[in-house]
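Chemist: Before we start, here is the structure in question, set down as structure tokens.
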There are 2 protein chains.
Amino acid sequence: MTRIISADLTPFGRRDQDLITLCAEASHSTVRKYHDLIDMVIVSNSYSGEYCGISGLNSLITTRLSLDRIPSVRIDNTSGSGGSAILMADSLVRSGLAECILVVGGEKMTEVPGKKSTSIIASLLNREERSAGATLPSLAGILAREYMKAFGATRESIASVSVKNHHNGTMNRYAQFQKEFSLQEVMESRIIADPLRLLDYCPVSDGAASVLVTSDSVAETASGEGIQILGCSQSSDSSAISERENITSLKAVRSAVSSVYSKTGLSQDDMDFAELHDMSTILEIVESEEAGFFRKGEGWKAALEGKTALNGEIPINTSGGLISKGHPIGATGIAQATEAYFQLTGRAGGRQVKAPETGLAVNMSGFGNNCTATVYGVVR
Amino acid sequence: MTRIISADLTPFGRRDQDLITLCAEASHSTVRKYHDLIDMVIVSNSYSGEYCGISGLNSLITTRLSLDRIPSVRIDNTSGSGGSAILMADSLVRSGLAECILVVGGEKMTEVPGKKSTSIIASLLNREERSAGATLPSLAGILAREYMKAFGATRESIASVSVKNHHNGTMNRYAQFQKEFSLQEVMESRIIADPLRLLDYCPVSDGAASVLVTSDSVAETASGEGIQILGCSQSSDSSAISERENITSLKAVRSAVSSVYSKTGLSQDDMDFAELHDMSTILEIVESEEAGFFRKGEGWKAALEGKTALNGEIPINTSGGLISKGHPIGATGIAQATEAYFQLTGRAGGRQVKAPETGLAVNMSGFGNNCTATVYGVVR
């Protein structure tokens, strides 16, 4: 088994610092305490070249952290990079190749104009769909329309996800928005891809997050309080969205979650909270179904009825999610792990779920092109 | 233990095909035969965004290969990406998270003008050295000057590495140059960074290579002839070259090689061939010392005396190395593995080493910022 014995992140948002500095900021507290134990550094980042004109980011970060002797690598899976980085770290520790891995994820995106940023991210789409003008936000718009048509979901139910996540974000001092938004404000915000509006989407963000993934034995000699990585699975779907059977399904999410449940012997009923990949409100709803929390086509009702609120049946995105916390691509999956760490060690402050024992994180790359599902638990 | 049961590559050089097509070309023979066994795809690539305007490369490749259901990830460590990808694959298989991983490395670099290409690669240097005008080729020039001064090496000895590698490349149908060059031609080629000339460097290349990394049990049920990954280690050094004690040492290489020897219980004397990271002639010489084949300061004599030739004590870069075969960044470490596969299964044609049992591959990122050393062996 592997553990996370330290976790930290930077405030997300528009930051003056450069990418390397942000990654260092998210890692300093861990490195100060555990530098002698660290035997590998994994950097989760997708777009250091496109946004910052930097390559070899992992080496630049180890040098900045005075960890020159520590081997490092960069892992990329676009928005799902963090989940894949944790899966790799978990595997390296299980294989015995490493015992104590600093996993740091970061992205610096706000220096580039919004339109150019959307186009950089759209470079993950296949050529035909990209030339047809598809972008990630426009695909979410199509998904929302199809979902509403198929299941009779109301526009309000979708917008309610944004209201909830912004509410949760008010209690997270790392969140980009720490501000409530009403249903009306969400539904009257600027239109992006009909029926979705600005506040249905995550913002463009700078930020970094880090966790220390260790073997049980390192965790036991180190003094830090830890959580366990009970299991981690990754699944895939076609990168050609138009070739999928049904845009209202996210096969990679369903498959990754079902695989991690079977690997851990747990089910949706055992989860005390979940961080889902809410690049857009509608994605949280569909993922809440694919993760087994609600039946297909009923996620919207659950959202509307408050079942996914902090005090609901299954609190989803207690951190504020991507929508309120922000979405610096390479940092996102790692920030989900930091939220699991905060929740499971009772450090989540105003957004603390009551005595949680296990939690799920779902981190998607592209538009569900790949997905990792990770189950975290308290140390037993 | 893990094995490689299939290996292939594309011809390296200036290719008309795009990056995804090259990666598919290198993978087709393996995928056709083993598609039902593959449970993970790792893509080794550094610069798909910078050179090709593509992100999410791993998903685009799995879709092209009709492997949509297979989870995938991109691993980057600049020039050392391939070695790190194999280390990750080895670890995923050892941990039991995967059993049969297609590792495909590729880069498409020739569409960008040479000067811009050098500047893209220089983005891995730290900010101060980059602003001072340092590039990877210029650092190699400094290293050559310092090495000659420190150890009395002759210019001819350094150039002889290029002659040898181009000779080896004439027997490799995948090599970018399949052409002999005389010592005089090397020493009279266009000056790049005094004392090094054009033919002291690897060219800019397009190309891809792939290997199938499997568990012993998958290898035994599958029909392919295999080789073993006996061990793989990665080490690191400062990314700030000017802060290293001594530019004539490559600490990451020494440390990675010494670690893999100790892990496998083997030594330099057990190696029957080695693929070293000859981004420049001088680097092969220094690495041949760091790998333990020759004493510090004596690699140049060994090169001059033919000890590293095909019929020498320790044949180095039988494939032609980066200098003759080409250096499509993300493909290079994987192409080293394909050469080990060809040599150890007796498929290396005119450049076949006589009945080799073990071989070493050294794959460096940056200017020795990270290094993986991998020992391959025949199946016993």
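The values are calculated or read from the model by the stated rules, or taken from the named source; none is laboratory data. Every value quoted in this text rests on a predicted model; they were computed, and no experiment measured them. Here the Cβ positions follow ideal geometry from the backbone for every residue, glycine too, while neighbour counts run over all protein chains shown. Side chains are part of the model used for accessible areas, which takes the heavy atoms of the whole protein and leaves out ligands, DNA and RNA. Shrake-Rupley method; radii C 1.70, N 1.55, O 1.52, S 1.80 Å.
Chemist: Within 10 Å of each Cβ of B:75-84, how many other protein chain Cβ atoms are there on average? Intermediate values should be presented prior to the final figure.
Modeler: On the way: counts 8, 13, 9, 6, 1, 4, 2, 0, 1, 6.
Per-residue shielding by partner chains comes out at 5.
Chemist: Whole angstrom only: what separates the Cα centroid of the range A:355-380 from the Cα centroid of the range A:1-62?
Modeler: If we compute the Cα centre of each part, the gap is 20 Å.
Chemist: Enter the accessible area of B:Leu97 (Å², nearest 10), with the probe set to 1.4 Å and all protein chains included.
Modeler: Spelled out: B:Leu97, probe radius 1.4 Å, area about 50 Å².
Chemist: Given a Förster distance of 45 Å, report the FRET efficiency between A:Gln184 and B:Arg173 from their Cβ-Cβ distance, rounded to the nearest 0.05.
Modeler: Working: r = 68 Å, r/R0 = 1.51.
Calculated value: 0.10.
Chemist: What is the sum of charges, Lys and Arg at +1 and Asp and Glu at -1, for the other residues whose Cβ falls under 14 Å from the Cβ of B:Ala153?
Modeler: On the way: positive: B:Arg145, B:Lys149, B:Arg155, B:Arg295, B:Lys296, B:Lys301; negative: B:Glu146, B:Glu156, B:Asp200, B:Glu284, B:Glu289, B:Glu298, B:Glu305.
Here the count lands on -1.
Chemist: Just tell me how shielded B:271-281 is by partners: mean number of partner chain Cβ atoms within 10 Å of each residue's Cβ, no decimals.
Modeler: On the way: counts 0, 0, 0, 0, 0, 0, 0, 0, 0, 0, 0.
Partner-chain Cβ atoms within 10 Å, mean over residues of B:271-281: 0.
Chemist: From largest accessible area down, sort B:Ile101, B:Ile192; use a 1.4 Å probe on the protein chains. Walk me through the numbers before you get to the answer.
Modeler: On the way: B:Ile101 0, B:Ile192 70 Å².
Highest to lowest solvent-accessible surface, that is B:Ile192, B:Ile101.
Chemist: Taking just the alpha carbons, could you work out the radius of gyration and Dmax for the range B:1-150, both in angstroms?
Modeler: According to the Cα coordinates of the range B:1-150, Rg and Dmax are 17.7, 56 Å.
Chemist: Right, here's the next one. Measuring from label point to label point, each 7 Å out along Cα→Cβ, what is the A:Glu156 to B:Ala132 span in nm?
Modeler: Those two pseudo-labels are separated by 6.6 nm.
Chemist: Where Lys and Arg each count +1 and Asp and Glu each count -1, what net charge lies around A:Ser233 among other residues with Cβ under 12 Å from its Cβ?
Modeler: Numbers: positive: A:Arg254, A:Lys263; negative: A:Asp90, B:Asp39.
Overall, the nearby charge balance is 0.
Chemist: Sticking with this one: Just the accessible area per residue of the range A:188-292, please: how many Å² with a 1.4 Å probe?
Modeler: Numbers: 3420 Å² over 105 residues.
Ligands and nucleic acids excluded, the result is 33 Å² per residue.
Chemist: Classify the range B:157-295 as rounded, prolate or oblate from the Cα gyration tensor: take a ≥ b ≥ c as the square roots of its eigenvalues, call it rounded if a/c is under 1.5, otherwise prolate when a/b beats b/c and oblate if not. Intermediate results must be reported in sequence, preceding the final value.
Modeler: Working: a/c = 2.13, a/b = 1.32, b/c = 1.62.
Oblate is the answer for the range B:157-295, as a/c is 1.5 or above yet b/c matches or exceeds a/b.
Chemist: Next up: Can you give the FRET efficiency for B:Arg69 and B:Ile191, using 1/(1 + (r/R0)^6), R0 = 45 Å, r = Cβ-Cβ distance, to the nearest 0.05?
Modeler: Numbers: r = 52 Å, r/R0 = 1.17.
Using R0 = 45 Å, I get an efficiency of 0.30.
Chemist: Got a sec? Which residues of the range B:93-116 lose 10 Å² or more of accessible surface with every protein chain in place, vs. that chain alone, 1.4 Å probe?
Modeler: SASA drop of 10 Å² or more in the range B:93-116: B:Arg94, B:Ser95, B:Leu97.
Chemist: Per residue of chain B, what 222 nm ellipticity follows from adding -39500 (n - 2.57) for every DSSP H run with n ≥ 4, rounded to the nearest 500? Numbers along the way, then the final one.
Modeler: Working: 15 runs with 152 residues, N = 380.
That comes out to -12000 deg cm²/dmol.
Chemist: Within a 10 angstrom radius of each residue's Cβ in A:234-244, how many Cβ atoms of other chains show up on average? Whole number is fine. Mind dumping the intermediate values first?
Modeler: Values: counts 7, 3, 13, 6, 7, 11, 5, 0, 0, 2, 1.
Rounded to a whole number, the mean comes out at 5.
Chemist: A further question on this structure: I need the shape label for the range A:217-317. Rule: rounded when a/c is under 1.5, else prolate if a/b > b/c, else oblate, with a, b, c from the alpha carbon gyration tensor.
Modeler: Working: a/c = 2.29, a/b = 1.42, b/c = 1.62.
In terms of gyration-tensor shape, oblate.
Chemist: Given the peptides A:271-283, A:10-22, arrange them by the average over their residues of other C-beta atoms within 10 Å, most packed first. Before the final figure, lay out the partial values.
Modeler: Values: A:271-283: 27.2, A:10-22: 20.2.
Ranking, from highest mean packing down: A:271-283, A:10-22.
Chemist: Amide H neighbours of A:Ser79 under 5 Å, counting only residues 5+ apart in sequence or on other chains, H built in-plane at 1.01 Å?
Modeler: A:Gly366
Chemist: Mind checking which lysines have their C-alpha under 16 Å from A:Lys251, skipping anything on the same chain fewer than 8 residues away?
Modeler: A:Lys296
Chemist: Counting only protein heavy atoms and a 1.4 Å probe, tell me what percentage of the range B:260-329's accessible area is made up of carbon and sulfur.
Modeler: On the way: 880 of 2040 Å².
On the range B:260-329, the fraction of accessible area on carbon and sulfur atoms equals 43 percent.
Chemist: Roughly speaking, what is the stretch gain from A:Asp269 to A:Ser242, that is 0.36 nm per residue apart minus the C-alpha to C-alpha distance, in nm to one decimal?
Modeler: Numbers: separation 27, 0.36 × 27 = 9.72 nm, distance 3.32 nm.
So the chain would gain 6.4 nm between A:Asp269 and A:Ser242.
Chemist: Calculate how steeply helix B:19-34 sits against the longest principal axis of the alpha-carbon atoms of chain B, using the helix alpha-carbon long axis, and give the answer as 0 to 90 degrees to the nearest 10.
Modeler: The angle comes out at about 50 degrees.
Chemist: How far, in degrees from 0 to 90, does helix B:329-344 lean away from the longest principal axis of the Cα atoms of chain B, to the nearest 10?
Modeler: Result, in degrees: 80.
Chemist: Let me ask another. Note down the relative contact order for chain B as a percent, whole number, built from C-alpha pairs under 8 angstrom at least six residues apart. Show your work: numbers first, answer last.
Modeler: Details: 924 pairs, mean separation 103.3, N = 380.
Taking the mean separation of contacting Cα pairs over the length of chain B, I get 27 percent.
Chemist: In Å², nearest 100, what accessible area do chains A and B bury in total when the solvent probe is 1.4 Å? Can you show the working numbers first?
Modeler: Values: alone 14110 and 14130 Å², together 24550 Å².
For A against B, buried area totals roughly 3700 Å².
Chemist: Further question: Treating the beta-carbon of each Lys and Arg as +1 and of each Asp and Glu as -1, no other charges, what is the dipole magnitude of the protein assembly as shown about its Cα centre, to the nearest 20 debye?
Modeler: Values: 70 positive and 86 negative charges, 139 e Å.
Value, rounded to 20: 660 debye.
Chemist: Sticking with this one: Take the Cα pairs of chain B, get the Kirkwood Rh, then feed it into Stokes-Einstein at 4 °C and 1.567 mPa s and tell me D in µm²/s. Mind dumping the intermediate values first?
Modeler: Working: Rh = 20.1 Å.
The calculation lands on 64 µm²/s.
Chemist: Which entries of A:Lys307/A:Lys354; B:Lys149/B:Lys301; A:Lys115/A:Lys301 show an alpha-carbon separation above 26 angstrom in the structure shown? Walk me through the numbers before you get to the answer.
Modeler: On the way: A:Lys307/A:Lys354 15 Å; B:Lys149/B:Lys301 14 Å; A:Lys115/A:Lys301 34 Å.
Long pairs (Cα-Cα over 26 Å): A:Lys115/A:Lys301.
Chemist: If you restrict to DSSP beta bridges whose two residues both lie in the protein assembly as shown, what percentage is antiparallel, to the nearest 5? Intermediate results must be reported in sequence, preceding the final value.
Modeler: Numbers: 82 of 110 bridges.
Among the beta bridges of the protein assembly as shown, antiparallel pairing accounts for roughly 75 percent.
Chemist: Starting from the Cα of B:Lys325, draw a straight line to each of the lysines and keep only those under 17 Å, dropping any in the same chain fewer than 8 residues away.
Modeler: The qualifying lysines are B:Lys108, B:Lys164, B:Lys179.
Chemist: Determine the shape class of the range A:262-380: with a ≥ b ≥ c the square roots of the Cα gyration tensor eigenvalues, call it rounded for a/c under 1.5, and otherwise prolate if a/b is greater than b/c, oblate otherwise.
Modeler: Numbers: a/c = 1.25, a/b = 1.12, b/c = 1.12.
Here the range A:262-380 falls in the rounded category.
Chemist: Return the inverse of the average 1/r over all pairs of distinct C-alpha atoms in the range A:283-330, which is the Kirkwood hydrodynamic radius, in Å to one decimal.
Modeler: 11.2 Å
Chemist: Still on this model: To test your reading of the geometry: what angle, between 0 and 90 degrees and rounded to tens, separates the Cα axis of helix B:81-95 from the longest principal axis of chain B?
Modeler: Between the helix axis and the principal axis of chain B, the angle is about 40 degrees.
Chemist: Now for a separate question. Set the Förster radius R0 to 45 Å, insert the Cβ-Cβ distance between A:Arg380 and A:Arg14 as r into 1/(1 + (r/R0)^6), and round the FRET efficiency to 0.05.
Modeler: Details: r = 41 Å, r/R0 = 0.91.
Taking R0 as 45 Å, the efficiency between A:Arg380 and A:Arg14 is 0.65.
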